[in-house]
Each structure stands twice: as structure tokens, then as C-alpha cells.
1. Might you let me know whether the range 106-121 holds any residue that is over 28 Å from the mean Cα position of the chain (by Cα) and either on the phi > 0 side of the Ramachandran plot or without any contact (Cβ under 8 Å) to a residue 40 or more places away in the chain (or both)?
2. Spot the failing condition for Gly483; the list is (1) touching a helix residue (DSSP H, G or I) at 6+ places or on another chain (Cβ under 7 Å); (2) in a helix (DSSP H, G or I); (3) within 30 Å of Arg607 (Cα to Cα), and only one is missed.
3. I'd like to check something: does the range 105-113 contain any residue that is in contact with a Lys or Arg (Cβ under 6 Å, 6 or more places away or on another chain) and either of a type in the set (Ser, Thr, Tyr) or closer than 30 Å to Leu553 by Cα (or both)?
4. In the range 583-605, what count of residues is obtained for those that are within 23 Å of Phe571 (Cβ to Cβ), in contact with a helix residue (DSSP H, G or I) (Cβ under 7 Å, 6 or more places away or on another chain) and assigned to a helix (DSSP H, G or I)?
5. Do we find a residue being under 24 Å from the mean Cα position of the chain (by Cα), closer than 22 Å to Val296 by Cβ, part of a helix (DSSP H, G or I) and modelled with pLDDT of 90 or more anywhere in the range 340-358?
6. Has the range 153-160 got any residue that is more than 26 Å from Leu517 (Cα to Cα) and either in contact with a strand residue (DSSP E or B) (Cβ under 8 Å, 6 or more places away or on another chain) or at pLDDT below 95 (or both)?
7. Can you tell which of Thr476, Thr442 is over 21 Å from the mean Cα position of the chain (by Cα), among the β-branched types (Val, Ile, Thr) and farther than 30 Å from Val110 by Cβ?
Amino acid sequence: MNPAISDYRALDFRRPKPLPKGLDAFVNRWIGLHRRRPGQLKSLAAEAERIDDQAREFADCSDHALAQRLLAMRDALRRKTFDPDTEVAGPLAAIREMAERKLGLRPFPVQLMGALALHRGFLVEMATGEGKTLTAGLAAVLAGWTGRPCHIITVNDYLVERDANWLAPLYHACGVRVGFVTGPMSPEQRQQAYSREVTYATSKEVLADFLRDRLRMGNLPSVTRRLVRQLLHPPAGRAEGLVLRGLHTAIVDEADSVLIDEAVTPLIISSAHPNNSLREACTLAQTLVADWMKEVDYRVNPRYREVELTDKGRHQLETACHQFPGLWRGPDRRRELVTQALVAREFYLPDKQYIIQEGKIVIVDEFTGRPMPQRTWSQGLHQAIEAKAGVPVTDPTETIARLSFQRFFRCYHRLSGMTGTAREAAGEFWHVYRLPVVSIPTNRPCIRQHPPQRVFPTEAAKWEAVVAEIERLHATGRPILVGTRSVRASERLAAMLTIRGLSFQLLNATRLAEEALIVACAGERGRITIATNMAGRGTDIKLGEDVPDLGGLHVLATERHESGRVDRQLFGRAARQGDPGSAQAFVSVEDELITRHLPASIRPWLRVWARRGGPGAETAAAWAFNRAQARAQALAFRQRQAVLRGDTWLDESLAFAGLEPTV
């Protein structure tokens, strides 16, 4: 390929258009409703039936003959002798036949519906256990046939490597090369993986590689300028070391986690910036507030995680700081240092927001329960938490490049995704990413039972009830999956079960290596598994031999999450593919969801109702928890909107200054 064309494609992406506002937003909302109308599902079902019928003509082909026909279809698509958006029944039928031969799995009609929807730019909602991984593989073959890069995005490095290796025989038989990118890889390994037609990676890795490529280009991010420079000064015009081949097609697995939950904060590439004064000030601030008392020296706002000094606290600060040097001389700066120290103490707790590994603070993702060793909190918060935890205080970082996930995924020419929980955020998916949601029916009817949630006045009462329920179910032989929101909660429950002599498997942010194996075995007879809510996402739980006769897997949630989608994802671990199963939540008035997001005036009444019990109490508690969850989701939505506004502000500011924005 001509070097200029290769260079152009390596930098190719779609520049996102501004999100619609005012009347445009109103019209756009109605367009989204039209795109996800029920008729779309009927059309997909009819086409999947035609593919099912057409697949019979490939059944009698030998492996060699089938492979040759697939390669001929690939070449025809690259020559554009048929419309890849509409004439895909034949290719999908052939790919389906090859999947059965190479993987031992024959895609169900609902999986064909999902593959068609992905190919046409939908966000596909498929229930847990319905085969999303294979569904994405069918669509990825079609995308890989174009020769342009196709990135399959998923939530962690384990799934990246597992899925790429598992589907490799299918890709190879269809004439598509596949690779994967994980965190430890070198730039050379990444470049090789991205050179394949289909590449598996996490959103963080692809976005970081995109930003690093932009940094490698220096002051020539414009493709046109680079081509002109190559003509005038060939040696100086080339930017060596680019790893990506452009952003063309992305299929996002677990799309609600990647496109919604993780989109609250942008990805930032930074470098350490030595600042001894700040490090010393953070340590001094923790010493200063060590004996300060809540509601006396300061007040907290748990919903927004904010701290406000009282008059007494401000007086203590002014009195103590006269003898402090440097940063403490400015009134605003010293107030910020003390407030940051109090925020770190009140809202950032060990085994909840972070863990300590090898003497370093490692952030724990509150949605997934997974550690994020490459991330740090900004604006001095990370240093304040280090000082509080008693670990060495690191230097603050300086931002080199920044981009939000919302903006990044809008840079792809073709975007689609799939998840088990999408319909709650259908409006946001359309508004931000122009992804219409379509809900694919299950292959077999879901028979999961949902007993009413149980509400307790205190956390202690809730945990005692949780243990009693585990003991009761364990005596019957049923497997139990217990979902917790934090490492701290999982460790607390583990200690209580140990005292009672119950054997269990513990899975939390400190034990990622065993995650998939532990979750995969959670359906065996008599198994007790404790896991953070999102642990093992992407791993099937298959029931043991006689477990269906016992009632199947029981999922017990020990706390409602701030996002209803996460609750539904956890409950979806039971009763997959028509298996029996049940799911129930145990909650308390002292849970973080209530204390942070429900007005203080309502909580005493809720505690009274919880003690009283009865149908009326259940109704009141259900209303309170749903209300708190709605407020939490609204707050998270506003935070994501703030990130989008930040993107717009940067665009407008940099354009006004005559500089090209990041994208």
C-alpha cells in the first residue's frame, strides 16, 4: 500500500458532531423512538428465519468447499459486488455453518438476530447466558471482511484474551486475522495486534493508544498537513511508532458498563510532576484534622461527597496555619488542603473505594469491584488519600492528553454494542451515541423467580438475616451466589460465614486471577460464592447435574446498587437459558444508597416501617429504595453531562485560540 494512503488510514476517524440542543434535540428524540420501534424486532426475526432456511445449502459442503465459498464472499464484499448492509443472509448462513464446525456451537436464531442488529448499528440487549460473545463474533467476521479495522471492546483483559483465542478458529476459517491488546503489551506488540482485521481490547487501552498516537504526531495532527509536509520534507513528515490503523468499526461488549458507567470520568494521560511542597502539605493536613469531629468542626454532604467547614473549623484552621509555610499562607489554598483531607477521610475508605497493594493506593471501580492500578484521582485527592492511609505520598501528575469516552466512541465510523441491560438508558444511548436499542428475546423462556426484597432497620440485622438465609438454602444443597457492593462487605460476610463453619468461595477486587473459574463453578451443588456485584461478568454459570431439581442457582443481593442496571445484571446470573433459578435482595435503611441519596427527613420513618413489617411496610420500603436509586441515577447522568459539556468547552476554546482540539 502507498505509504501516504497507509498514513492517512492510520489517522482516520470520524470527527464527532455537536450533540443536538433545543428543538433539534426534541426532533432527534423522536427519531430515536422511531429507530427502536417494535417493528425492527419483527424485521430481524423474519430475516433470521430466512438465514436459518438458507443455511441448509451449506450443510452438505465439505470443510474445504465451505472455506472456499466464505473466502469468495469476503473477496466479493471487498470488491463491493454486493451491498454489505442488506445482502448478508448468505454470508451469515455460511458463517453460522462454519461456527458449528469449528467451535461446536450452532448459533440460535436469536443470535442471528443479534448479529444482524450489530451489523446495522444497533445496541443489542441480550439476556445473560444467551451467547453474546458468539453473536459479536458473527458480526465481526462481516466487519473484518472489509479490511478496515474492527475493534471488539470488552470490560477486562481476561475477557479480551479469552474471547479472541476462543473465536480464533472461526475467524481463521473465514479468512479473518484476529489479535488482542492487553495492558502489559509493548508498543510493538500492540501495533501487530491492531494490524489484524479484528482486534479485542478494553476501552481504556484503545483510547490510551489513540491519545498516545496523537501525541506521537506532535504538531502535525492534521492528515492534510502531514501529507503536504511529506511532499516537502519526506524524512520529517513521517510520525513513527503509530500503533492504530484508524477508528472504523467498534462492537462494544457490556456496552452499559463501557459507554455509561465508565463514562463518568475522562481518560487522562499524564506524567509525574515533582512537587515536594504539595506532598508535605497533604501529610500536614491529615495531621491537622486528625482530632476534628464531624458536625462540630465540619459538616458532610454524602450525596455529593462534599465537606464544609463550620465556624469552629475555620477558626481552628486560621489559628493553626500562622506557623505553617508555603502553600498554607493563602487562605483559599489552605482551606482546600484541609477540605481535601476531610473528603479523603469521610468518603474514600479502604476495601471500598481503594485497596493497598505493594504499599500503593489502587483505585477500585465502584461499579465493577475491579482494581484500576493505572488510575489516580486528580487535583491532589490521590495524595490526600495516600497521606490518610499512611503510604508514601507520590508526586502529583500533569495532564498531557485528555478525552472522554463519550467523545471517543463517537469517533468511530461504525458503532454498535450489546449488553444484558440497556433499555433503562435507551434515551441516553441514542442522544450521545446515536445507538438505537433493540431487545432480543431469549432463546428459551426465562423462569426466574423473584421473591420480594427484605428490608431491615439496621445493617447488623441485615447481615444476620443474610447469613441465616445462606445457611437455610445451603442445607438444601442449592448453590448460592451472594452479591456485595464492596470488598469490605464481601470480607465482612466471609468472616461471618467462617465463624459458622460454612465453606465458601470469595471473589473480590483482590482476587482477580481466579475470577472466571470461581464464577463458572458457582452453579455446582452446595456451592456458596461471595462476589462483588459485577465480578465474573462475561462468564457463564452452568448448573451442576442435579441442581435444576433443587431449584437452580439462587442469587442473593446484599445491597441495592445506585444503578438499577447493575442490580438487573446481577439477578440475570440465575435462570440462564431456561434453567430454574431465583433472585432476592436483602437491604437495610443504613445502606449507602439510602444514606447518600434519600433525604434525612424520610430515613427515620423508613426505619420505623422496616421494624413494623407487613405489606404496607414493604410498599413504603420499595418506594424509598426506588426513589433513592432514581436520584442516584439522575446524579450520575448529570455528571456524564458535565463531562460532555467539558468536551464542548474545550472544542470551542481551542478553536477560538486557533489550535486544533484533540479530535
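1. Checked against the condition, which is being over 28 Å from the mean Cα position of the chain (by Cα) and either on the phi > 0 side of the Ramachandran plot or without any contact (Cβ under 8 Å) to a residue 40 or more places away in the chain (or both), the range 106-121 yields at least one hit.
2. The single condition Gly483 does not satisfy is (2).
3. yes
4. The number of residues fulfilling the criteria is 3.
5. Yes, the range 340-358 has at least one match.
6. For the range 153-160, residues more than 26 Å from Leu517 (Cα to Cα) and either in contact with a strand residue (DSSP E or B) (Cβ under 8 Å, 6 or more places away or on another chain) or at pLDDT below 95 (or both): absent.
7. Going through Thr476, Thr442 in turn, just one is over 21 Å from the mean Cα position of the chain (by Cα), among the β-branched types (Val, Ile, Thr) and farther than 30 Å from Val110 by Cβ: Thr476.
So that you can scan it fast, the table gives a plain yes or no per residue for (1) touching a Leu at 6+ places or on another chain (Cβ under 7 Å); (2) more than 30 Å from Ala93 (Cβ to Cβ):
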position	(1), (2)
Arg15	no, yes
Lys21	no, yes
Val27	no, yes
Gly32	no, yes
Arg37	no, no
Gln40	no, no
Ser43	no, no
Glu47	yes, no
Ile51	yes, no
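The values are calculated or read from the model by the stated rules, or taken from the named source; none is laboratory data. What you see is a predicted model; the values in this text were computed from it and never measured. All Cβ positions, glycine included, derive from the backbone under ideal geometry; neighbour counts span all protein chains shown.
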